[in-house]
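Trainee: I have a structure I would like to understand better, so I am pasting it below and will then ask my questions one at a time.
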Amino acid sequence: MSPAHRLISRTALAIALAWTAPVMAASDTADSPHPKPAKSAPAKPTAKPAAAKSDTKKSDTKKADAKKTDSKKTDSKKAAAKPHAKPASAARTSASAGAPAVSLSGELGQLRSAVTAAKNGQGTQALAMARDLNDPVARSLVTWLVIRNAPNDIGFDGINAFLKDKPGWPTQSTLRRRAERMLLVENRSPDVIRAFFSQADPLSGEGKIALARAFAASGDRTTTAALVREAWREDDLSESVEKTVMTEFGTLLTRADHKARADTFSYKPDTDRAMRAAARAGSDVVALTQARLAIARKDPNGAKLLAAVPFTLGNDP
């Protein structure tokens, strides 16, 4: 692997996720301020002692000479201890010249373009660009971002393969949730679904509904109903998934299940999910849900809406 590729391998994750400026030098290039060049004064010649006029003058002269000599020795040591530092700009230029430079028109530039596409939900385009990257870490990074931002473009099989091959990559639970979503969206076979959940329970409502399909196919109505009701009461299902659940498993859900879902999302609060569930439960639950949401938002009409809740639900918190 070339020095440029090794540089990308070391820095791909940090560069792409932090949107830093292109790295043009090795990671150990000094960026700290450099001291200014020290100015050294020319050494003064050592003064010769004057002709002796008296013993006292000779003694004073020797003492003065000794002090000057000591001072010069001290200055000489300090000067030797502080080598002349290069100016900051010169030091950076020198370091950059010795580092493997990576041009934006090369592999690093292509990586950044692929990352941008993945973060913008253009998974197919990002994966196509990643296939031309020589660095395996860079390819994995783009795939990881596509799974997070555009799972439909890679599909369940691609996500599942990444999970098996890259168990140490960050946000494993998020990656599994994306895989669970694709199991439901792609309506995978019961065998594929059971195999995926053989080692771990579903993390998402979509995963629970996908697993419910597998149990329904085997005729296990009890487990199917338990999974559907748990997902319905607790999980953040999208409106489209809610419609799927009502179409496939609506007969397993009761008024109590719909009210429980309305209760859950009244306290989050999530107005849209709460009101959709309340509408399925009945007009009295709609009134209660509206009052709860208004109070949660601190609307001035919250007390008025609460007073209008039918007495049958008056004791609901």
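Each reported figure results from applying straightforward, stated rules to the coordinates on display, with no laboratory input. This is a predicted model, so every value here is computed, not measured. Positions of Cβ are generated from backbone atoms using ideal geometry, with glycine treated the same way; all protein chains shown enter the neighbour counts.
Trainee: How far apart, in nanometres, would the label points at Ala256 and Ala161 be if each is projected 7 angstrom from Cα along the Cα-to-Cβ direction?
Mentor: If labels sit at Ala256 and Ala161, their model points lie 4.7 nm apart.
Trainee: Quick one: 3J(HN,Hα) in Hz for the stretch 179-190, Karplus 6.51/-1.76/1.60 with θ = phi - 60°, rounded, Gly and Pro as x.
Mentor: 5, 4, 4, 5, 4, 6, 4, 7, 6, 5, 5, x
Trainee: Ok, one more. Tell me whether the stretch 172-253 comes out rounded, prolate or oblate; compute the Cα gyration tensor, take square roots of the eigenvalues as a ≥ b ≥ c, and use a/c under 1.5 as the rounded threshold.
Mentor: Here the stretch 172-253 falls in the oblate category.
Trainee: Ok, one more. Which peptide among 300-307, 154-161 comes first, and what is the full order, when sorted by highest mean count of other Cβ atoms within 10 Å?
Mentor: So the order, starting with the most tightly packed, is 154-161, 300-307.
Trainee: So, in nm, how far is label Leu203 from label Asn120 when the simple model puts each one 7 Å beyond its Cα toward the Cβ?
Mentor: The two pseudo-label positions are separated by 2.8 nm.
Trainee: For the stretch 116-160, rounded, prolate or oblate, judged on the Cα gyration tensor with a ≥ b ≥ c (square roots of eigenvalues), a/c < 1.5 rounded, else prolate if a/b > b/c?
Mentor: oblate
Trainee: Asp132 versus Asp220, label points 7 Å from Cα toward the beta carbon: distance in nm?
Mentor: 4.8
Trainee: Using only the Cα atoms of the stretch 255-317, build the gyration tensor, take square roots of its eigenvalues as a ≥ b ≥ c, and label the shape rounded, prolate or oblate: rounded if a/c is under 1.5, else prolate if a/b is larger than b/c, else oblate.
Mentor: Since a/c reaches 1.5 but b/c is at least a/b, the shape of the stretch 255-317 is classed as oblate.
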